[in-house]
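The values are calculated or read from the model by the stated rules, or taken from the named source; none is laboratory data. Quick caveat, the model's predicted, so the values are computed rather than measured. Here the Cβ positions follow ideal geometry from the backbone for every residue, glycine too, while neighbour counts run over all protein chains shown. Only protein heavy atoms, including side chains, enter the accessible area calculation; ligands, DNA and RNA are left aside. Shrake-Rupley method; radii C 1.70, N 1.55, O 1.52, S 1.80 Å.
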Amino acid sequence: MHPEILAQDGYTSVSVDESPVRELFPGIRVRPLWTGPAGAHANVLEMDPGTSWPRRDIHEPGPEEVYVVAGTFNDGARDYPAGTFLHAPAGSWHVPATTTGCTLFVFYPEG
């Protein structure tokens, strides 16, 4: 074992179950996992069955990276099953929704 790994500056870990949960919209919750010094951040987004974003989700100031962990995610155009990765460039938009419910890992490399 190498315990010095855990002593490295900035090396961190968090359990999703221990991350504080905040409701963004009815049935849609975010769990923050990590925020970097320049504003990049990683979250888990949980959407209950039959929920949708109430408006366009515009990706600003940078891109959004999404990995569908469980369930089926819909971006307003098509369904994406668990195991799907999506890249949404800066300035693009979608309307997140799900009929089945879903869990997403969402990363914003530029904040």
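Evaluate the following for Gly39: is it small (Gly, Ala, Ser) and under 25 Å from Asp79 (Cα atoms)? So Gly39 does not fit the description; no. Figure legend. Inter-residue proximity from the stretch 73-96: first residues farther than 16 Å from Glu46 by Cα and free of Cβ contacts under 8 Å to residues at least 60 places away in the same chain, second residues part of a loop (DSSP other than H, G, I, E, B) and β-branched (Val, Ile, Thr), beta-carbon distance below 6 Å, spacing 6+ or different chains. Indicated pairs: Gly76/Val95. Where strands (runs of 3 or more DSSP E) sit wholly within the stretch 56-111, those with at least 1 residues that are open to solvent by 50 Å² or more (accessible area, probe 1.4 Å) and under 30 Å from Ala38 (Cβ atoms) occupy 64-74, 85-88, 102-108.
Condition first: surrounded by fewer than 16 Cβ atoms within 10 Å (Cβ to Cβ) and part of a strand (DSSP E or B). Can you find one or more residues in the stretch 5-20 that meet it? Spell out how you get there, then give the answer.
Within the stretch 5-20, the first condition is being surrounded by fewer than 16 Cβ atoms within 10 Å (Cβ to Cβ), and the residues that meet it are 5-20.
Now narrow it down to the ones that are part of a strand (DSSP E or B): none.
Taking every residue of the stretch 5-20 in turn, none turns out to be surrounded by fewer than 16 Cβ atoms within 10 Å (Cβ to Cβ) and part of a strand (DSSP E or B).
Do we find that Arg31 is without any contact (Cβ under 8 Å) to a residue 40 or more places away in the chain and under 14 Å from the mean Cα position of the chain (by Cα) in this structure?
Taking the combined requirement at face value, the residue satisfies it.
The residue pairs whose first member lies in the stretch 2-23 and is without any contact (Cβ under 8 Å) to a residue 60 or more places away in the chain, whose second member is in a helix (DSSP H, G or I) and aliphatic (A, V, I, L, M), and whose beta carbons are closer than 8 Å, counting only pairs six or more residues apart or on different chains, are Tyr11/Ile5.
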